Amino acid sequence: MAKRERVMRMSVEQPLWRALTGYRVLTMLYAIALFVAAHDDFARPWVAFAYFAVLAVWTLATLPKVANAASCTKRFLAVDLAVALTGILLTRAADAAERISDGGPTLPSIWTAGAVLAFAIKGGWRWAAFASLLVGVANVVQRGAFSRDTVHNVLLVCIASIAIGYVVEVARASERTLARALEIEAATRERERLARDIHDSVLQVLAMVQRRGTAIGGEAAELGRMAGEQEVALRSLVAGGLVPASRVCEDATLGAVVRVVDEPDEASAEDGPRDLRTLLTPYAGSKVTLSEPGAPVPLAPHAARELAAAVGAALDNVRRHAGTGARAWILVEDEPDAVIVTVRDDGPGIPEGRLAQAEGEGRLGVALSIRGRLRDIGGTAELISVPGQGTEVELRVPKGARGKAEART
């Protein structure tokens with residue numbers, strides 16, 4: 001069985017959830033320890049005792065909720081923050097006024113930061129800013145006025161949570177980029193494996209059928225010709241590769257989870273440049289050889305389509321005037337300032353003055369289908385033909401050519 005590669009889900013934020021789980025337990029124990037150490041100084045210790053009982057049960061019971069992003073729901077975050085804010089406001093009812101004025105800790109103490117950090121890890125820096133604002137307001141209400149310690153503590157929690165939320169957002173974006181790169185790498189390796197298998201089996205069989213059919217002649221020769229055309233088409237497909245499926249993150253909170261999404265039709269994708277090679281590949285066949293660069297040849301969509309159509313018109317002329325046995329070659333050159341496509345055949349060539357005579361008779365295949373198309377997109381078409389030595393058509397399109405249709409839009 002052939003081995004296949006599969007990109008598994010990964011999440012760099014998962015360690016943050018594990019750290020938050022430990023943080024909530026440790027800070028809950030710390031808050032209780034502060035109360036036990038100073039319970040004699042509390043005005044109403046029973047209020048604090050009741051709150052810490054609720055805090056302990058809530059913290060331990062909700063540990064699964066902070067195990068990952070999927071379990072940490074918005075409803076849980078709202079209730080969790082409410083528990084923290086209630087503890088801050090209950091401090092005035094439980095603690096002595098002297099301790100509060102001297103800057104004593106609130107009932108939940110630094111446990112409150114865990115509730116804010118849950119917002120940051122779940123929703124990013126904007127959620128963290130919202131939760132920090134509510135905590136800041138609750139602290140000011142609990143103190144009864146602004147103080148240096150209050151402002152210091154609130155700013156510390158706010159800045160730390162916003163920074164962590166921002167880092168989480170950047171990490172998620174990096175995960176999606178890494179997942180996309182790994183998917184492309186896996187798809188490339190699979191394509192190479194398929195190319196090897198096809199080359200070792202199907203292509204060799206088609207080549208053998210072509211040779212044997214040509215040697216036998218008759219109906220077998222036609223079968224061999226068809227096999228040769230399929231061999232060339234299959235080689236072009238393997239060389240060009242499969243178009244990788246576009247993938248997007250299904251849920252940013254789950255890390256690098258990808259799914260296949262539909263892409264718009266090529267005809268409607270007018271925003272970016274088109275690779276000329278993809279438009280010329282269908283013209284390759286048993287009697288048409290396509291030579292192209294290894295890298296994409298980008299052109300504006302309208303210019304690329306018009307250039308490909310001009311190449312098709314030149315090949316039509318080869319089939320019509322050079323005979324069914326003529327061969328043609330397409331050469332694509334990507335120059336710094338222009339794209340040059342040369343179509344050459346081994347036919348009998350065009351007698352001198354024949355093009356002018358054809359235009360006078362109203363047959364405008366070269367004039368309109370080739371030169372006219374190139375002129376509309378700012379390019380040029382040169383035709384060189386020597387009787388008995390074939391015909392060569394050189395199509396030149398400057399980089400950045402758009403054409404009249406796109407210029408009007």
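The values are calculated or read from the model by the stated rules, or taken from the named source; none is laboratory data. Every value quoted in this text rests on a predicted model; they were computed, and no experiment measured them. Positions of Cβ are backbone-derived with ideal geometry, glycine not excepted, and every protein chain shown enters the neighbour counts. Heavy atoms of the whole protein, side chains included, go into the accessibility calculation; ligands, DNA and RNA do not. Shrake-Rupley method; radii C 1.70, N 1.55, O 1.52, S 1.80 Å.
Do we find a residue being modelled with pLDDT under 90 and either within 44 Å of the chain's Cα centre (by Cα) or in a loop (DSSP other than H, G, I, E, B) (or both) anywhere in region 22-38?
Yes, region 22-38 contains at least one residue that is modelled with pLDDT under 90 and either within 44 Å of the chain's Cα centre (by Cα) or in a loop (DSSP other than H, G, I, E, B) (or both).
Residue 104 passes all but one of (1) under 22 Å from residue 41 (Cβ atoms); (2) in contact with an Asp or Glu (Cβ under 8 Å, 6 or more places away or on another chain); (3) assigned to a helix (DSSP H, G or I); which number fails?
(3)
Within region 393-409, can you find the residues that are among the aliphatic types (A, V, I, L, M) and modelled with pLDDT under 75? Step through it out loud before you land on a result.
Of all residues in region 393-409, those among the aliphatic types (A, V, I, L, M) come to 393, 395, 397, 401, 405, 407.
Of everything in region 393-409, those that are among the aliphatic types (A, V, I, L, M) and modelled with pLDDT under 75 turn out to be 401, 405, 407.
Report whether or not residue 108 is assigned by the TED database to the domain that holds residue 143 and more than 30 Å from residue 173 (Cα to Cα). Talk me through it step by step, then tell me what you get.
Details: assigned by the TED database to the domain that holds residue 143: yes; more than 30 Å from residue 173 (Cα to Cα): yes.
Taking the combined requirement at face value, the residue satisfies it.
For residue 133, only one of the following conditions fails: (1) surrounded by 17 or more Cβ atoms within 10 Å (Cβ to Cβ); (2) touching a Cys at 6+ places or on another chain (Cβ under 8 Å). What is its number?
(1)
State the number of residues belonging to region 274-322 that are modelled with pLDDT of 85 or more and assigned to a loop (DSSP other than H, G, I, E, B).
5
Being surrounded by 23 or more Cβ atoms within 10 Å (Cβ to Cβ) and either among the acidic types (Asp, Glu) or in a loop (DSSP other than H, G, I, E, B) (or both) is the requirement here; does residue 117 meet it?
Working: surrounded by 23 or more Cβ atoms within 10 Å (Cβ to Cβ): yes; either among the acidic types (Asp, Glu) or in a loop (DSSP other than H, G, I, E, B) (or both): no.
It is false that residue 117 is surrounded by 23 or more Cβ atoms within 10 Å (Cβ to Cβ) and either among the acidic types (Asp, Glu) or in a loop (DSSP other than H, G, I, E, B) (or both).
Kindly provide the set of residues from region 64-75 that are in a helix (DSSP H, G or I) and surrounded by 13 or more Cβ atoms within 10 Å (Cβ to Cβ), ordered by number. Reasoning before the result, please.
Residues of region 64-75 in a helix (DSSP H, G or I): 64-66, 74-75.
The answer is 65, 66.
Among what's in region 285-318 and is free of Cβ contacts under 8 Å to residues at least 60 places away in the same chain and among the hydrophobic types (A, V, I, L, M, F, W, C), pick the residue that is most open to solvent (accessible area, probe 1.4 Å).
Looking at the filtered set, the residue picked out is 295.
Taking the stated definitions as given, is residue 73 touching a residue at least 24 places away in the same chain (Cβ under 8 Å) and either within 26 Å of residue 130 (Cα to Cα) or touching a strand residue (DSSP E or B) at 6+ places or on another chain (Cβ under 9 Å) (or both)? I'd like the intermediate steps shown before the answer.
Numbers: touching a residue at least 24 places away in the same chain (Cβ under 8 Å): no; either within 26 Å of residue 130 (Cα to Cα) or touching a strand residue (DSSP E or B) at 6+ places or on another chain (Cβ under 9 Å) (or both): yes.
For residue 73, the condition - touching a residue at least 24 places away in the same chain (Cβ under 8 Å) and either within 26 Å of residue 130 (Cα to Cα) or touching a strand residue (DSSP E or B) at 6+ places or on another chain (Cβ under 9 Å) (or both) - is not met.
Name every residue in region 76-101 that is more than 24 Å from residue 20 (Cα to Cα) and outside any loop (DSSP other than H, G, I, E, B), in order of residue number. I'd like the intermediate steps shown before the answer.
Taking region 76-101 and keeping what is more than 24 Å from residue 20 (Cα to Cα), we get 90-101.
Passing the criteria: 90, 91, 92, 93, 94, 97, 98, 99, 100, 101.
Inspect all residues belonging to region 385-392 and state whether any of them is at pLDDT 85 or above, open to solvent by 50 Å² or more (accessible area, probe 1.4 Å) and either closer than 20 Å to residue 330 by Cα or of a type outside the set (Asp, Glu) (or both).
First, the residues of region 385-392 that are at pLDDT 85 or above: 391-392.
Now restrict to residues that are open to solvent by 50 Å² or more (accessible area, probe 1.4 Å): 392.
Checking the rest, the ones that are also either closer than 20 Å to residue 330 by Cα or of a type outside the set (Asp, Glu) (or both) come to 392.
Within region 385-392, one or more residues are at pLDDT 85 or above, open to solvent by 50 Å² or more (accessible area, probe 1.4 Å) and either closer than 20 Å to residue 330 by Cα or of a type outside the set (Asp, Glu) (or both).
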